[in-house]
Each structure stands twice: as structure tokens, then as C-alpha cells.
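S.K.: Dumping the structure here so I can ask a few things about it.
Nothing in this text is a laboratory measurement; each read-out follows from the coordinates by a stated rule. A quick note: this is a predicted structure, and the numbers were derived from the prediction, not measured. When we count neighbours, we look across all protein chains shown, and the Cβ atoms used for this are built from the backbone with ideal geometry, even at glycine.
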Amino acid sequence: MKTCLILIDAQESFRQRPYFTDVDLPAYLSAQNALIDGCMERDLPIVRVFHVDGPKTVSNPFALESGFVQPLAELHPFDAAATFHKKRHSALVGTGLDVWLTQNGIQRLIISGIRTEQCCETTTRHASDLGWTVDFCPDATLTWDMQHLNGSVLKAADIKARTAAVLADRFATICSVPQALERASSSTTASA
């Protein structure tokens, strides 16, 4: 089963948002870089997705004109098999990613990136509904604390746990980075 890593919205734009903190960033970068390195070692394609939206001005960090729509500085470099720009939560809406995946015979997706409960979760659900096998790596996703409607804080760790719980065995297999890489290696070997 041909596997592809989808790296969603791991871009400098987020550093410009008021909610951005470095609290969980080192752990995320460690997992994300291990996933990137593991995919490169196995010759698995890595697709980069950037969120590009809003007014096309220098002051909008999600506009190309801002200069912030670029990989997080700490990510290990890699040659992307393809790069897509999205304007919606799902990386499969209006980007051509679905066409690229189909044309390249991709059957399994490893989902990683930013934000756990938004674009990563939405892409996972959408991909599953379209028939792809999806491995979701919570450790290789990043999010931040949010506020409940009553004003109390919903911690990032709880958001990640909730996302894993609602995706597990319905939309995706929840995997650690080593598990996702092992599953990709096993399926490649089995299909060879």
C-alpha cells in the first residue's frame, strides 16, 4: 500500500498569531522531524500543504505577500513531492491534492502538522470518507489552548486527546511516529 506523509500548515504564519506559544513546540518539532526523516529514509513522498487565505496584504500572515507562508524554521529540510495551497480546513478541498494522490497511486496517508483539531482532523475525516487509509500522528501535530464558551481554558493536551479519541478506529488509526513509519514500511514491503 503506497504511503504518503501529508504535512499540513507547518508554517511561520502561526508565530504571528496572539495565541502562539512555544510551550509544546519542542515536542512537536521533535516528532514532526522524526516523521520527516523517517519518510525520507524510506523514500516515502512528503506533500507540503500551506494555508493561504484572507486579504492579500503584507499585514496578513496567511497571505503570500506577508512572507510568512513558509515552513517553520526548525523543520528539517526536504524536497516536497508536491506543494499545495489551501483556503479551507481540509487539504482536500479545492487544492488538487486528491487528484495528485490518485494519480500517484497513494492509498495510505500519514497526517501531521498544525492545528490538531482543525486542519489535521478535518483532512483526516475527509480523506477517510473519500476512501484513503489514514494514520493520524497526534505527537506530530500542534495546537494551543482554547477557551470554552464559559471562559474556562481547554488545554492543548486535552484537545489532542479528544481529537485522537474521536478519530480512532472510525476515521484513522492513531499512531506514534514509530508506529506510522513501521506501518508504512510493512505495507510497502507487503506490496513489493
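S.K.: Can you work out D for the chain in µm² s⁻¹ from Stokes-Einstein, where Rh is the Kirkwood radius over C-alpha pairs, the temperature is 25 °C and the viscosity is 0.890 mPa s? Before the final figure, lay out each step's value.
M.R.: Values: Rh = 16.8 Å.
Answer, rounded: 146 µm²/s.
S.K.: Over the range 1-86, consider all pairs of different Cα atoms and compute the Kirkwood hydrodynamic radius from their mean reciprocal separation; express it in Å, one decimal. Working shown, then result.
M.R.: Details: mean 1/r = 0.0725 Å⁻¹.
When all Cα pairs of the range 1-86 are included, the Kirkwood radius is 13.8 Å.
S.K.: When the dipole is taken about the Cα centre of the chain, and only Lys, Arg (+1) and Asp, Glu (-1) are charged at their Cβ, what size is it in debye, to the nearest 20? Kindly include the intermediate steps, with their values, before the conclusion.
M.R.: On the way: 17 positive and 21 negative charges, 92 e Å.
It comes to approximately 440 debye.
S.K.: How high is the FRET efficiency between residue 148 and residue 87 when r is their beta carbon distance and R₀ equals 35 Å, given to the nearest 0.05? Kindly include the intermediate steps, with their values, before the conclusion.
M.R.: Working: r = 28 Å, r/R0 = 0.79.
Rounded to the nearest 0.05, the efficiency is 0.80.
S.K.: Right, something else. Students often get this wrong, so check it: of 2/155; 87/160; 86/160; 56/160, which have C-alpha atoms separated by over 26 Å? Write out the running numbers ahead of the final one.
M.R.: Details: 2/155 35 Å; 87/160 23 Å; 86/160 23 Å; 56/160 31 Å.
Checking Cα-Cα distances, 2/155; 56/160 exceed 26 Å.
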